[in-house]
1. Being β-branched (Val, Ile, Thr) and either crowded, with 19+ Cβ neighbours inside 10 Å or touching a residue at least 40 places away in the same chain (Cβ under 8 Å) (or both) narrows it down to one of 90, 148, 86, 108, so name that one.
2. Return the residue satisfying two criteria in turn: it lies in region 93-105 and is more than 16 Å from residue 147 (Cβ to Cβ) and not aliphatic (A, V, I, L, M), and of such residues it is surrounded by the fewest Cβ atoms within 10 Å (Cβ to Cβ).
3. Taking the stated definitions as given, is residue 99 touching a Lys or Arg at 6+ places or on another chain (Cβ under 9 Å) and either of a type in the set (Val, Ile, Thr) or not in a loop (DSSP other than H, G, I, E, B) (or both)?
4. In region 154-210, what residues are at pLDDT below 85, over 16 Å from residue 102 (Cβ atoms), acidic (Asp, Glu) and surrounded by fewer than 17 Cβ atoms within 10 Å (Cβ to Cβ)?
5. Of all residues in region 109-160 being of a type in the set (Lys, Arg) and in a loop (DSSP other than H, G, I, E, B), which is farthest from residue 70 (Cα to Cα)?
Amino acid sequence: MAEADEKQLDTSGNWDCGKATKQKRRLPEWMKNVVLDKDHTDSKKKRRDQQKTTLVSDLPVLKFTGNIVYCYQKDDCSFMCEDIMTTSSTADYSCVLGFDIEWPVTYTVGKEEKTALLQLCTSHNKCYLFHLSCMPGFPGGLKKLLETESIKKVGVGIQGDVRKLLRDFDVNMKGGMDLSSLANQNTRSAEIWSLDNLCKYVLDVLDVLPDSV
């Protein structure tokens with residue numbers, strides 16, 4: 001593998017550019033079972049079908065059984081975020097939050113709606129849903145939390161979410177960590193991970209959205 005400059009995540013959760021190291025690629029076990037016939041004209045379709053057969057098994061479905069806190073009031077959102085920061089500052093462990101954002105899909109070229117929903121999961125027992133599109137402006141407490149570097153925010157493809165928050169609300173989120181990059185560092189692979197595949201590989205569960213979503 002040729003040596004090249006690539007963007008990597010350092011241990012502090014920041015995105016830095018550094019020299020890529022030479023290392024032997026090591027694929028996850030389930031990927032080794034997928035054989036690609038390069039001589040076949042439908043090789044790509046064959047590979048997808050093999051992956052589907054390999055990955056979709058009798059694994060249990062991941063279910064969130066904790067409390068979901070839904071908030072659509074700006075002041076309430078700030079209060080909750082201040083509480084999260086206070087709790088994290090007094091804890092004897094690093095604060096890591098599950099993070100994701102959602103926005104309405106548009107089919108107009110060059111047009112993109114603002115972020116409508118922001119999700120923060122503080123533990124396996126509690127998840128906050130902040131309905132930003134219902135609020136008259138971005139909550140100050142949430143902005144402070146997102147820009148606090150010591151509080152880590154983790155997700156898949158999080159770099160794009162960071163850029164969108166900056167475009168939509170001028171929020172410069174810090175402490176972001178991409179789980180896909182972290183997985184590749186640990187498996188020495190170059191897989192483009194989805195959250196579903198990470199759940200299968202790491203947790204042995206299926207991350208399946210309901211049909212209503």
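1. On the way: 90 fails: either crowded, with 19+ Cβ neighbours inside 10 Å or touching a residue at least 40 places away in the same chain (Cβ under 8 Å) (or both); 86 fails: either crowded, with 19+ Cβ neighbours inside 10 Å or touching a residue at least 40 places away in the same chain (Cβ under 8 Å) (or both); 108 fails: either crowded, with 19+ Cβ neighbours inside 10 Å or touching a residue at least 40 places away in the same chain (Cβ under 8 Å) (or both).
Testing whether each residue is β-branched (Val, Ile, Thr) and either crowded, with 19+ Cβ neighbours inside 10 Å or touching a residue at least 40 places away in the same chain (Cβ under 8 Å) (or both) leaves just 148.
2. Filtering region 93-105 down to residues more than 16 Å from residue 147 (Cβ to Cβ) leaves 93-94, 96, 98, 100, 102-105.
If we keep only those that are not aliphatic (A, V, I, L, M) as well, we get 93-94, 98, 100, 102-104.
Details: 93: 6, 94: 10, 98: 16, 100: 18, 102: 15, 103: 16, 104: 11.
Step by step, filter region 93-105, then rank; the result is 93.
3. yes
4. 191, 204
5. Applying the filter and picking the extreme gives 111.
The values are calculated or read from the model by the stated rules, or taken from the named source; none is laboratory data. All values reported here derive from a predicted model rather than from experimental measurement. Note: ideal-geometry Cβ built from the backbone for every residue, glycine included; neighbour counts use all protein chains shown.
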